[in-house]
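First the structure, in the form of structure tokens, and then the observations on it.
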Amino acid sequence: MLITCPYCGPRDVIEFTYQGDGNRERPDPASQNFEAWNAYVYDRLNPAGDHNEIWQHSGGCRTHLRVVRNTLTHEISSVAFAHGGHGSAARRKAEDKS
Amino acid sequence: MVERQSPLEPEFHVGSHGNFEHGVEIILTETRPGSIVQLAAWPGEEKKLIAAIRTVAGLALPDGAGGGLSDGVKSVFGFAPGKFTVADEVEGLAAAFAKVVTPIIGTVTDLSHGRTAIRIAGPKAEWVLAKFFAIDFALPAFPIGAGRSTTHHDVFAQIQRTGADQFDIYVFRSFARSFWKALCHASEEVGYEVQ
């Protein structure tokens, strides 16, 4: 499986670390809504199809990535930086096309 | 100044090795830069850091991910968004950067004692490195001066292409001897010379 890192380009999955489900929303740290915390910690969509995931390119540029992976085919349909501020860095794909 | 010892020393055997009857196709050396510095910009401060690199090292970084250049004495390349590795033959680069890269712009980390720089050159350099790393070493995909960060068996490596047939590899100092031995073994079948 290849993941196309927005900075490094296509790399083998062995360079990446799965950081968990990308659909979860962390409750406010001060929240005492135990149902929300329970959902955050335990509830998963577990879809048979496209799934939002967080990965880290731990064996490369070490950035965190927001990845959409198909759980049936492992097809990766989208990869983006998980955090803003790296916008100007994602230029390799544009360079490759020129 | 205290003389720095090489971690490769017990396995560093100058001369030709392996299958070199038909010629040596790989040259392995340790470049031993005096300074290796890692610079990181806070989000939005990248341009100021690139300007600081130009001021201190005199190197104008090309735009784009993984871009870099080398003038034979100093080298710089990007290895992650807003992060750069700079190497210099002489010591004192970290102190020079610390005066220019303020805490508002980003951080300076002196890795001079933390990394070992190994140079692999020769017509089969791409071929040998392709046995180690699952990245494209062809010249159009990996131009001269550019840098890449990747791993070999969980040993993190930063690679800069410093010539058409030449690459500088920065590895953790504590893993450098093991990596060097592996590189020598991988070069045996085409004949290599340690200089």
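Brief remarks on what is shown
- Single residue of the range B:78-97 satisfying the filter (exposed (fewer than 15 other Cβ atoms within 10 Å of the Cβ) and among the small types (Gly, Ala, Ser)) that is farthest from the other protein chains (Cβ to nearest Cβ): B:Gly92
- Within the range B:90-136, the set of residues being more than 23 Å from B:Cys184 (Cα to Cα), touching a strand residue (DSSP E or B) at 6+ places or on another chain (Cβ under 8 Å) and without any contact (Cβ under 8 Å) to a residue 60 or more places away in the chain comprises B:Val90, B:Gly92, B:Leu93, B:Ala94, B:Ala98.
- Residues that are under 20 Å from B:His113 (Cα atoms), touching a helix residue (DSSP H, G or I) at 6+ places or on another chain (Cβ under 7 Å) and either surrounded by fewer than 22 Cβ atoms within 10 Å (Cβ to Cβ) or within 10 Å of chain A (Cβ to nearest Cβ) (or both), drawn from the range B:152-180: B:Val155, B:Arg177
- Exactly one residue among B:Arg54, B:Arg32 is among the basic types (Lys, Arg), farther than 20 Å from B:Arg115 by Cβ and more than 14 Å from chain A (Cβ to nearest Cβ), and that residue is B:Arg54.
- Answer from A:Tyr42, A:Tyr7 - the residue that is over 18 Å from A:Ser77 (Cβ atoms) and more than 14 Å from chain B (Cβ to nearest Cβ): A:Tyr42
- Looking only at residues in the range B:57-77 that are out of contact with any Leu (no Cβ under 9 Å at 6 or more places or on another chain) and surrounded by fewer than 23 Cβ atoms within 10 Å (Cβ to Cβ), the one that is nearest to the other protein chains (Cβ to nearest Cβ) is B:Gly64.
The numbers here are math on the coordinates, done by the rules we state, and not lab data. None of these values were measured; they are calculated from a predicted model. Neighbour counts run over all protein chains shown; Cβ positions are idealised from the backbone, glycine included.
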